[in-house]
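K.L.:
First, the structure itself, so that you have it in front of you.
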Amino acid sequence: MSAETSVNPSMPTRFLFLLLAGYTLLAGAVRICGIDSRDFWFDESCTHLYVSRMFDWPADSDFFAESNATPYYLLLKGWVWLFGWSETGYRSLSALAAALTVFPLGWLAYHLGGRYAARMCALLMVVHPLHVYYSHSARSYALVILLLSLAMCFLYRAVCTKRWRWWVAYGCALAFVLCTHYFTVHWAVASISCIALSRRRTQSFGRWFVATALAAALFLPYLILLSWPSSTAGGNAWVREVWDPVWSIPRSLWAFLPAGGYPAYLGGLSLASPDTTILGPPLLNALAQVLPAIITAAIVLWLFTRGQPVDHGRHVGPIPPTVHVFLGGLTILPLVTLWLQSVLLDPVYVVARYDMSAWPAAIVWLSVLLSQFRRSWMARRNRVVPKVVTVVLVACALLPLARLTLMDAPATFHRLRAQRLAELCDAGDLVISFTYDREYLLYYLDRFGFTGEMTSFPSWIDRHVGWIDTVSDAAPEREVELERDAEAHAQRVSALLNADGRVWILRDFHDPEGTSLRAPINARLIKALYDEGFSLELADGNTRIYRVVKRLAEE
């Protein structure tokens, strides 16, 4: 059977619409739960910095050079203007995008795998912890997944109907998602797997090439002006320390499963994350991690060793292998090209948020595999095994989902520090921070009504958003510039203190022991202040806030 016709067209369109609409509403309800249970993390604070200062950015800053999701920030600025500048206001756009994703992926699963695949896809998306995590983040990831899901549907319709309007729709959607996150270029390359669905593959390849070229032409100006400077800005240097290229692709595939092995950076979700609340016995948590992988491996082994299921009564026959080629290509190929880029251009993410481009196809593929597995057992008049598999997969997803949506996390260090600064500082006070601390604090400083001025050392950090190239800052050729910057800071501090102002220093959050590569950089400011006759006085030990005071004359 060719995939140019629906695998199971027997479900009425109205019933399919109502089914997916119901799951969409349920997904929205799940994603609203616990949306404000965790403080903003660093990247979300950078989102606030982008959005709140979008039309009031310093002329010498690197705002546009570092932004790789400008359409998302423009959309979010209007969104928070309507719904408020709270954590919920920022994150609700992602929650809406995540809920709406249920419909296109459920529709695609229906046409590729039948009614059961549509139901499983919608159900797994409702409870999928990783997707809920994306919906709770004021970042572009949930929107990217929605746009990719729409692009997949347009691509499928274009191949099946051979109508140019669907190819144009696909090209426009692809251009939009590329501008929302340039790493989806890996998905664009992998979309060539769509030609497996067509009988006339030469014709489909030509039209795919034209549509992809259209998207590339629309994306090219954005690539030159914004994406390329962002990709070469040097903000990925720290990834070398945590990236394991051998296990990168298997770990991504594992994380795509319900309750899979989530990386430690997924706060509140991964068992390796320090702020994750462990529910129940450790064995239960371990089983929730491992069982989805075991079940999926067993299903694949069963299907490819037992052969295709046969027609039996009202149950539809085998799913075409071309469907697996299409979905497998959109799942595996983006991860492979990401891996190759990581090896050749060291370093970039692989097992991180950038592998999200493969997630929509992965969840549809899993649903199609479950549908095919069910048909195989139904042909043998066995209804129990497929139901047990479904129950176990959903149950495994519920445990991390409960951790993410029902458990409140304690206040972060940066929230407490911002709150304390708002209490300590008056208008006209100056706060000097090291490394990333300024970006961490800005959202909560705005929220708590901080009236002072926040700046960073070295001063060029204030021209960046979201990354600091420590290696470049510590390079010998920057010695003179760093020395001058420390002296300029010290002179400004002296002028403020002599005018009865107050100056506060934030010790480096990332280097409490003063042993990192940035320690000698930070020490330059302390030395410059000492040379000007000042010292540091501890103002709050819990948040490591110091006040600059005049040093007593040495006897």
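The values are calculated or read from the model by the stated rules, or taken from the named source; none is laboratory data. All of these numbers come straight from a predicted model, not from anything done at the bench. When we count neighbours, we look across all protein chains shown, and the Cβ atoms used for this are built from the backbone with ideal geometry, even at glycine.
K.L.:
Would you confirm whether or not region 151-168 contains a residue that is closer than 19 Å to residue 333 by Cα, under 21 Å from the mean Cα position of the chain (by Cα) and either surrounded by fewer than 20 Cβ atoms within 10 Å (Cβ to Cβ) or among the aliphatic types (A, V, I, L, M) (or both)? Explain how you work it out, then say what you get.
P.N.:
First, pick out the residues of region 151-168 that are closer than 19 Å to residue 333 by Cα: 151-153, 155-156.
Pick out the ones that are also under 21 Å from the mean Cα position of the chain (by Cα) and you get 151-152.
Now drop any that are not either surrounded by fewer than 20 Cβ atoms within 10 Å (Cβ to Cβ) or among the aliphatic types (A, V, I, L, M) (or both), which leaves 151-152.
Yes, region 151-168 contains at least one residue that is closer than 19 Å to residue 333 by Cα, under 21 Å from the mean Cα position of the chain (by Cα) and either surrounded by fewer than 20 Cβ atoms within 10 Å (Cβ to Cβ) or among the aliphatic types (A, V, I, L, M) (or both).
K.L.:
Quick check on this structure: which one of 298, 288 is outside the structural domain of residue 461 (by TED's automatic domain parsing), at pLDDT 90 or above, outside any loop (DSSP other than H, G, I, E, B) and surrounded by fewer than 19 Cβ atoms within 10 Å (Cβ to Cβ)? Walk me through how you get there before you give the answer.
P.N.:
Details: 288 fails: surrounded by fewer than 19 Cβ atoms within 10 Å (Cβ to Cβ).
Within the list 298, 288, the selection yields 298.
K.L.:
Within region 514-529, is even one residue closer than 29 Å to residue 87 by Cα, part of a loop (DSSP other than H, G, I, E, B) and of a type in the set (Lys, Arg)? If you could, list the steps in order and put the result at the bottom.
P.N.:
Restricting attention to region 514-529, the residues satisfying the condition of being closer than 29 Å to residue 87 by Cα are none.
No, region 514-529 contains no residue that is closer than 29 Å to residue 87 by Cα, part of a loop (DSSP other than H, G, I, E, B) and of a type in the set (Lys, Arg).
K.L.:
Take residue 479 and tell me if it is in a helix (DSSP H, G or I), among the charged types (D, E, K, R) and loosely packed, with under 13 Cβ neighbours inside 10 Å.
P.N.:
Yes: the conditions hold for residue 479.
K.L.:
Exactly one condition in (1) surrounded by 13 or more Cβ atoms within 10 Å (Cβ to Cβ); (2) more than 30 Å from residue 53 (Cα to Cα); (3) modelled with pLDDT of 90 or more is not met by residue 516; state its number.
P.N.:
Only one criterion in (1) surrounded by 13 or more Cβ atoms within 10 Å (Cβ to Cβ); (2) more than 30 Å from residue 53 (Cα to Cα); (3) modelled with pLDDT of 90 or more is unmet by residue 516, namely (3).
K.L.:
Ok, one more. Could you grab me the full set of residues in region 451-467 that are outside any helix (DSSP H, G or I), under 29 Å from the mean Cα position of the chain (by Cα) and without any contact (Cβ under 8 Å) to a residue 40 or more places away in the chain?
P.N.:
Matches in region 451-467: 454, 455, 456.
K.L.:
Criterion first (polar (S, T, N, Q) and in contact with a Leu (Cβ under 7 Å, 6 or more places away or on another chain)) does residue 515 satisfy it?
P.N.:
no
K.L.:
Being under 30 Å from residue 278 (Cβ atoms), in contact with a strand residue (DSSP E or B) (Cβ under 8 Å, 6 or more places away or on another chain) and not aliphatic (A, V, I, L, M), is that true of even one residue in region 450-473?
P.N.:
Just the residues of region 450-473 that are under 30 Å from residue 278 (Cβ atoms), to begin with: none.
Taking every residue of region 450-473 in turn, none turns out to be under 30 Å from residue 278 (Cβ atoms), in contact with a strand residue (DSSP E or B) (Cβ under 8 Å, 6 or more places away or on another chain) and not aliphatic (A, V, I, L, M).
K.L.:
Condition test on residue 105, is it in a helix (DSSP H, G or I), under 14 Å from residue 147 (Cα atoms) and touching a Cys at 6+ places or on another chain (Cβ under 6 Å)?
P.N.:
yes
K.L.:
Quick check: anything in region 303-310 at pLDDT below 95, of a type outside the set (A, V, I, L, M), surrounded by 13 or more Cβ atoms within 10 Å (Cβ to Cβ) and assigned to a strand (DSSP E or B)? Before the answer, list the steps.
P.N.:
Initially, region 303-310 is screened for residues at pLDDT below 95, giving 303-310.
With the extra rule that they be of a type outside the set (A, V, I, L, M), the set shrinks to 304-309.
Narrowing the set further to residues that are surrounded by 13 or more Cβ atoms within 10 Å (Cβ to Cβ) leaves 308-309.
Then drop every residue that is not assigned to a strand (DSSP E or B), which leaves none.
No: region 303-310 contains no residue that is at pLDDT below 95, of a type outside the set (A, V, I, L, M), surrounded by 13 or more Cβ atoms within 10 Å (Cβ to Cβ) and assigned to a strand (DSSP E or B).
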